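These notes are about the structure you will find just below.
The values are calculated or read from the model by the stated rules, or taken from the named source; none is laboratory data. The structure presented is a predicted model; accordingly, all values stated were derived computationally and were not measured. So basically every Cβ, Gly included, is an ideal-geometry build from the backbone, and we count neighbours across all protein chains shown. Just so you know, the surface numbers come from the protein's heavy atoms only, side chains and all, with ligands and any DNA or RNA stripped out. Shrake-Rupley method; radii C 1.70, N 1.55, O 1.52, S 1.80 Å.
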Amino acid sequence: MPGPLSDIRVVDFTIVTAGAGATQILADFGADVVKVEASGHFDPFRHWTALTGSVGGNEDTSSAPFRVINRSKRALSINLEKPEGQRALAEIIRKSDVVIENFRRGIIEKMGFSFEVLQKINPRLVMVSLSSQGASGPNQSYASFGSSLDALGGIMSITGYDADSPLWSGNKLNYPDQVVSLLAPGLVIAAVMAARQGNAPLWIDLSQRETVTALLGEQLLSYGANGTLPGPQGNRSAASADFVVQTAGQDEWLAVSLSDPADVAACAVIAEREDLAETPLVTQPDGTVAISEPLRQALAVWAAGRTKHEAMASLQAQGVPAAAVMKGPELLDDSDLRMAGAFVQVPLPDEKGQEWQRGLPAHFVDPTLTIHPTAPPHIGEHSVEILSDLLRLPTGKIDDLIERGIIGVNNATATA
Amino acid sequence: MSVGDSERQTEGQQWRLLDAVSVVELGGGIASGLCGRLLMGMGATSHLVEPSQGSPMRLVPPLYRAADGQQRSATFDYLSAGKTASTADIAGPAGQARLNALLAGANVLLVEGRTRTLLQEGLDLEGLRRQHPHLIVGQVTIFGDEGERAHYRGGEFQAQALGGLLHMVGTKSREPLRLGGYQMHYSAALGLMSSIMVALYGQQRDGKGQLVQVSLAQTAAFIEWKSACQFQHDGARLSRGGSIGPFILRCKDGHSAFYYRERNWDLVCRLFEDHRLEDPRFATQKGRDTHRAELAKILGDLVKDRTKREIYHSAQTLGMPVGYCATADDLLTSPQYESRGFLIDLDLAGGASPGRIPQVPWMVNGVRPAISSSLPEQKRPAMGTA
């Protein structure tokens with residue numbers, strides 16, 4: 001059964017995570033996402049080694065992260081330095097609803113596909129630009145990676161072990177890219193709806209830096225009102241006494257929050273320190289809440305002799321908010337996450353089996369809205385199909401374009 | 001009301017991507033609050049229904065004292081700006097009638113809490129969906145509506161833990177660290193909004209309502225997707241910390257997030273013009289990674305008497321993706337944000353604005369969506385009066 005977005009076609013110039021993650025969600029729901037890679041400039045994520053130093057193979061789908069966020073897409077390899085390549089892509093754009101890109105400002109224009117050009121090609125089009133700081137302003141041409149946006153967006157200023165040591169979310173998490181990839185799909189859909197109502201052409205200018213800041217709005221307001229600059233507070237919070245305790249095993253932890261006297265009393269009983277049952281929660285000079293050090297130490301001793309799951313179950317049984325700090329490999333086997341559809345089976349390229357990948361960010365109760373992702377594409381894997389289906393080019397013409405290097409076809413071992 | 005059937009909007013109104021979409025937020029929550037705000041940024045209206053004693057979100061930190069002496073929640077105020085509000089105690093027949101009247105004219109309902117918990121509180125979600133079959137319902141929980149942990153107590157911190165995200169933040173030698181603020185609540189809002197848009201789009205075709213459920217723990221796992229997939233791929237067990245990424249360097253007035261790409265090393269040398277950077281140990285990226293601690297010390301020495309913005313602009317002029325740790329003060333005074341009209345004064349009726357809040361982070365045809373900055377009128381006793 002086609003997905004709900006099956007009548008939307010997206011020309012997808014996005015690379016790496018923020019943009020490609022957004023179009024992955026659209027593709028999962030049935031949108032025809034045509035991943036465009038200009039000859040010689042393939043998505044660098046195909047060979048991304050930053051996580052572990054190795055992709056485990058030379059093929060263009062060897063990178064596991066690439067496979068996840070590029071599933072369900074069709075891939076077109078095209079030479080945009082040739083007028084014929086430009087014309088072919090323009091024709092595809094004419095038959096599409098959306099062009100989306102996350103290049104540094106100026107690049108899409110240099111490629112010949114500025115918004116001014118696109119709206120002439122297709123007056124019904126939605127263009128979506130995901131950029132570091134937006135398409136205007138004194139910093140519009142500044143470059144960034146997720147790490148810089150952690151800093152510039154403000155999340156770094158409130159993350160860290162202490163006020164003098166702000167920290168970023170890390171290249172393994174790369175939080176700014178993830179939040180943009182969650183926000184953008186909804187924007188794209190709304191824009192397509194508006195365009196089809198006659199409100200076109202539309203250019204959506206989404207700033208990654210602004211997205212990060214929008215997730216700190218209460219901090220800005222609080223500072224403006226109070227004059228107290230928010231800063232890193234470790235794991236502490238103003239709402240409850242939040243802390244981690246180490247449990248049995250290597251780097252195993254439990255995240256605990258105590259918000260009222262009943263929580264304190266329950267912890268004291270569990271830790272066999274009933275004498276501490278009435279120790280108060282104390283508001284610190286920085287506004288965060290803390291438990292007494294003796295109780296914290298007692299709980300640490302208790303927890304050290306238990307696994308994080310045992311400790312979590314024991315505390316939760318007494319109504320105390322506590323959660324095991326899960327590691328990535330454990331998530332795959334977590335029954336609650338599996339039940340919610342947090343992971344789905346996705347075919348590997350070339351019918352080499354299947355693998356578990358992240359599912360959707362939400363669970364749709366209507367079973368007709370389950371997704372059926374398909375394998376991520378090789379470079380140019382669908383070039384012929386796209387030119388044949390969308391542009392109705394005859395086989396001879398397509399062969400000629402391939403021979404003259406205007407179009408690239410399935411090239412699993414190509415590197416950028 | 002239907003989604004669609006609109007005349008062509010004037011240029012100034014083009015930011016209204018959604019036409020005649022009405023959202024009801026029941027009870028008030030952080031995730032549902034931001035979701036409603038984002039939909040408003042696309043042109044929807046959002047109406048908050050609070051219990052008569054006030055939404056619990058009115059007590060969510062950070063708190064501040066307004067000019068009239070009232071204690072207010074910056075979280076509630078940020079997320080409620082531009083919304084209308086009313087009260088209804090849904091456990092009783094009058095409140096349920098009021099809610100049903102609102103939902104008859106709404107497209108989207110946002111609620112927080114498990115289905116069975118809501119039922120205990122008087123809201124029969126399944127009955128509501130039968131009564132309003134067109135409704136798109138967005139439901140937020142911490143740990144899921146069903147499952148072994150669905151009944152657990154917890155919040156933001158526990159969601160970051162159970163979703164695997166907490167494990168990935170911090171340094172190797174220390175305990176795992178949370179992302180500051182309400183990131184899982186807000187990220188859940190982003191995923192919920194996009195999922196609601198999928199449902200609204202599909203509804204154009206089949207007219208059906210939908211129940212979309214999101215949990216903070218699942219959101220964390222969705223965001224923290226790389227470590228599970230990498231483990232499956234090659235058995236690698238990713239953890240927090242590591243030797244790559246930006247150098248976080250103490251400047252005169254804060255911190256620089258000094259990030260350079262391998263091909264930028266000559267630019268780094270040009271930026272600082274210091275002989276210590278010409279050390280042969282730093283000639284290759286491998287060498288720079290091996291001797292990272294020493295390199296960090298030298299770079300720290302080079303920036304400590306300079307401002308973070310000076311380093312930022314100088315490095316960016318050379319094409320390096322350097323940033324700086326922007327505090328709330330930096331963000332509120334950012335020339336980039338000022339030029340794009342990203343921040344707006346919160347409007348407290350009858351009083352001076354307590355501060356500024358971000359608008360939605362996108363522009364449409366060069367125009368920033370104009371959500372009102374006024375807060376919903378208080379129709380019941382204020383909370384936390386001085």
Self-check item: Charge dipole magnitude, Cβ of K and R +1, D and E -1 - segment A:301-386, Cα centre, debye nearest 20
Solution: 480
Quiz item: Say R0 is 30 Å: what FRET efficiency, to the nearest 0.05, do A:SER114 and A:ASP400 get from their beta-carbon distance?
Solution: 0.55
Practice problem: Grab the other residues whose beta carbon is less than 9 angstrom from that of A:GLN357, score K and R as +1, D and E as -1, and report the net. | Solution: +2
Quiz item: Along the positive direction of the dipole of chain B (beta-carbon charges: Lys, Arg +1; Asp, Glu -1; about the Cα centre), which of B:VAL21, B:LEU277, B:PRO376 reaches farthest?
Solution: B:LEU277
Quiz item: What GluC sites (Glu not before Pro) does segment B:279-386 have in DSSP loop regions with at most 12 other beta carbons within 10 Å?
Solution: B:GLU377
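For the protein assembly as shown, which whole-number percentage of the solvent-accessible area (1.4 Å probe, protein heavy atoms only) is attributable to carbon and sulfur atoms? It would help to have the intermediate numbers written out before the result.
Details: 14740 of 28680 Å².
So the carbon and sulfur contribution to the accessible surface is 51 percent.
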Quiz item: Can you give me the Cα centroid spacing of segment B:97-145 and segment A:152-196 in angstrom?
Solution: 29
Quiz item: Quick one: longest stretch of chain A between exposed loop trypsin sites (Lys or Arg not before Pro), exposed meaning at most 10 other C-beta atoms within 10 Å and loop per DSSP?
Solution: A:1-351
Exercise. Using only Cα atoms, tell me the angle between helix A:217-226 and the longest principal axis of chain A; keep it within 0 to 90° and round to the nearest 10.
Key: 50
Quiz item: So for the protein assembly as shown, taking the charge dipole from beta-carbon charges (+1 Lys/Arg, -1 Asp/Glu), which of A:PRO261, A:ALA38, B:GLY54 sits furthest toward the positive end?
Solution: A:ALA38
Quiz item: Chains B and A: buried accessible surface, both sides, probe 1.4 Å, rounded to 100 Å²?
Solution: 12500
Quiz item: Based only on Cα atoms, what Rg/Rh ratio does chain B have, Rh being taken as Kirkwood's radius?
Solution: 1.03
Quiz item: Just counting partner chain Cβ atoms within 10 Å, what average do the residues of peptide B:204-217 show around their Cβ?
Solution: 4
Quiz item: Which FRET efficiency, nearest 0.05, do A:ARG124 and A:ASP366 yield, Cβ-Cβ r, R0 41 Å?
Solution: 0.90
Quiz item: With labels modelled as points extended 7 Å from the Cα through the Cβ direction, what inter-label distance (nm, one decimal) is found for A:SER335 paired with B:ARG263?
Solution: 5.1
Quiz item: Which one of A:ASP366, A:ASP12, A:ASP263 has the biggest mean-square fluctuation once chain A is modelled by GNM with Cα springs under 10 Å?
Solution: A:ASP366
Quiz item: Hey, any idea what Rg/Rh is for segment B:128-268, computing Rh the Kirkwood way over Cα pairs?
Solution: 1.11
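Just flag the chymotrypsin sites (Phe, Trp or Tyr not before Pro) in segment B:70-154 sitting in loop per DSSP whose Cβ has no more than 13 other Cβ atoms within 10 Å.
Values: sites: B:PHE76, B:TYR78, B:PHE143, B:TYR152; in loops: B:PHE143, B:TYR152.
The qualifying sites: there are none.
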Quiz item: Nearest 10 degrees, 0 to 90: what angle lies between the long axis of helix B:292-303 and the longest principal axis of chain B (Cα atoms)?
Solution: 90
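Distance cut-off 29 Å, Cα to Cα: go down the list A:LYS35/A:LYS172; A:LYS120/B:LYS208; A:LYS35/A:LYS82; A:LYS95/A:LYS352; A:LYS95/A:LYS397; A:LYS35/B:LYS172 and report the pairs above it. Walk me through the numbers before you get to the answer.
Numbers: A:LYS35/A:LYS172 24 Å; A:LYS120/B:LYS208 36 Å; A:LYS35/A:LYS82 19 Å; A:LYS95/A:LYS352 33 Å; A:LYS95/A:LYS397 19 Å; A:LYS35/B:LYS172 37 Å.
In this structure, A:LYS120/B:LYS208; A:LYS95/A:LYS352; A:LYS35/B:LYS172 exceed 29 Å between Cα atoms.
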Practice problem: Please compute the net charge surrounding A:VAL325, taking Lys and Arg as +1 and Asp and Glu as -1 over other residues with Cβ under 11 Å from its Cβ. | Solution: 0
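Please give the charge dipole size of chain A, origin at the Cα centre, charges +1 on K and R Cβ atoms and -1 on D and E Cβ atoms. Round to the nearest 20 debye.
Details: 31 positive and 48 negative charges, 282 e Å.
The calculated dipole for chain A is roughly 1360 debye.
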Quiz item: Residues of B:143-150, mean number of Cβ from any other protein chain within 10 Å of their own Cβ, rounded to a whole number?
Solution: 5
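In segment B:246-386, how many lysine pairs have Cα atoms under 22 Å apart, counting only pairs 8 or more places apart or on different chains? Don't skip to the end; give the middle numbers.
Numbers: B:LYS252/B:LYS297; B:LYS252/B:LYS304; B:LYS252/B:LYS308; B:LYS286/B:LYS297; B:LYS297/B:LYS308.
Lysine pairs meeting both conditions in segment B:246-386 amount to 5.
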Quiz item: Of the trypsin sites (Lys or Arg not before Pro) in segment B:105-168, which ones lie in a loop per DSSP and count no more than 14 other C-beta atoms within 10 Å?
Solution: none
Practice problem: Take segment A:169-313, compute every pairwise Cα distance, and split them into 10 Å bins from 0; I just need the percent in each bin. | Solution: 10, 25, 24, 21, 12, 7, 2, 0
Quiz item: More than 13 Å apart: what percent of Cα pairs in segment B:73-116 qualify?
Solution: 70
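Counting only helical runs of four or more DSSP H residues, what would the 222 nm mean residue ellipticity of chain B come to if each run contributes -39,500 (n - 2.57) and the total is spread over all its residues? Don't jump to the answer; show the numbers that get you there.
On the way: 15 runs with 138 residues, N = 386.
Calculated from helices alone, the mean residue ellipticity at 222 nm is -10000 deg cm²/dmol.
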Quiz item: To the nearest 10 degrees, how steeply does helix B:183-206 sit against the main Cα axis of chain B, on a 0 to 90 scale?
Solution: 50
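Could you work out the Rg to Rh ratio of the protein assembly as shown, with Rh taken as the Kirkwood radius (inverse of the mean 1/r over all Cα pairs)?
Working: Rg = 25.8 Å, Rh = 27.1 Å.
Expressed as Rg/Rh, it is 0.95.
Summing Lys, Arg as +1 and Asp, Glu as -1, what charge do residues with Cβ under 13 Å from the Cβ of A:GLN178 carry, A:GLN178 excluded? Please report the intermediate quantities before stating the final value.
Values: positive: A:LYS172, A:ARG358, B:LYS226; negative: A:ASP150, A:ASP177, B:GLU224.
Counting the neighbours of A:GLN178, the net charge comes to 0.
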Practice problem: Quote the charge dipole size of segment B:167-246 about the Cα centre in Debye, to the nearest 20; the model charges only the Cβ of Lys and Arg (+1) and of Asp and Glu (-1). | Solution: 140
Quiz item: Label-point separation (nm) for B:THR284 and A:GLU81, each offset 7 Å from Cα along Cα-to-Cβ?
Solution: 3.0
Quiz item: Short version: what are the Cα gyration tensor semi-axes of chain A, square root of 5 times each eigenvalue, largest first, in whole Å?
Solution: 47, 25, 19
